[in-house]
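The structure appears below as structure tokens.
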Amino acid sequence: YMIKKLLLLIITILTVSSCSLRDEESNLSIETLPIKQAEVPIEFDYGAIYKLKVLFDLPSGCHSFYDLFYQYENSTRIVAINSVVNTKMACTEVLIEREFEFEVKVTQQADYIFKFWKGTDNAGNDIFEEIIVPVVTP
């Protein structure tokens with residue numbers, strides 16, 4: 001009898017947890033947006049923290065900022081914007097300019113190579129604006 005109750009409880013929990021908001025969540029997707037402009041210092045002091053600023057456009061009223069895409073390997077940093085897009089609502093076609101600031105702590109003595117994603121070309125290849133910021137030791 002106790003096993004039947006336990007089994008019934010497990011089935012109930014599984015049934016309730018399977019009724020999630022998945023249908024509503026399917027209205028959302030992530031889209032990577034290009035960086036229009038980047039503001040970076042001329043040089044970094046080793047060990048310091050800097051605020052960098054990027055400007056980007058949200059292409060419609062259905063887009064909203066999600067987070068900064070920031071991927072690094074060795075001295076290179078690839079930067080873009082991740083946005084959330086509501087795919088099931090009527091959208092305004094207005095371009096909305098936004099800016100985002102993020103911090104970089106200078107932990108390497110080699111130059112920082114920032115590659116700001118500008119979109120893709122006709123062949124689907126990524127296009128980057130590359131900015132090299134030298135690191136000086138104070």
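Of all residues in segment 79-105, those satisfying the criterion of being within 20 Å of Lys53 (Cα to Cα), among the β-branched types (Val, Ile, Thr) and out of contact with any Asp or Glu (no Cβ under 9 Å at 6 or more places or on another chain) are Val79, Val104.
All conditions in (1) at pLDDT below 95; (2) of a type in the set (A, V, I, L, M, F, W, C); (3) more than 18 Å from Lys36 (Cβ to Cβ) hold for Val104, with the sole exception of (1). If the condition is being open to solvent by 40 Å² or more (accessible area, probe 1.4 Å), among the hydrophobic types (A, V, I, L, M, F, W, C) and not in a strand (DSSP E or B), then segment 41-90 contributes Ile42, Met89, Ala90. Under 7 Å by Cβ, and 6 or more places apart or on different chains, what pairs join a residue from segment 94-120 that is over 15 Å from Tyr72 (Cβ atoms) and in a loop (DSSP other than H, G, I, E, B) with one that is aromatic (Phe, Trp, Tyr) and open to solvent by 80 Å² or more (accessible area, probe 1.4 Å)? That search, which allows pairs on different chains as well, returns Gln109/Tyr46. Looking across segment 30-40, the residues that are open to solvent by less than 50 Å² (accessible area, probe 1.4 Å) and part of a strand (DSSP E or B) come down to Leu33, Ala38.
When segment 99-126 is filtered for residues that are over 15 Å from Phe69 (Cα atoms) and in contact with a strand residue (DSSP E or B) (Cβ under 9 Å, 6 or more places away or on another chain), the ones remaining, listed by number, are Lys105, Val106, Gln108, Gln109, Ala110, Asp111, Tyr112, Ile113, Thr120, Asp121.
The values are calculated or read from the model by the stated rules, or taken from the named source; none is laboratory data. What you are looking at is a predicted structure, and each value in this text was computed from that prediction instead of being measured. Note that each Cβ is placed from the backbone with ideal geometry, even for glycine, and that neighbours are counted across all protein chains shown. The protein model used for the area step is the full one, side chains on, heavy atoms only, and it has no ligands, DNA or RNA in it. Shrake-Rupley method; radii C 1.70, N 1.55, O 1.52, S 1.80 Å.
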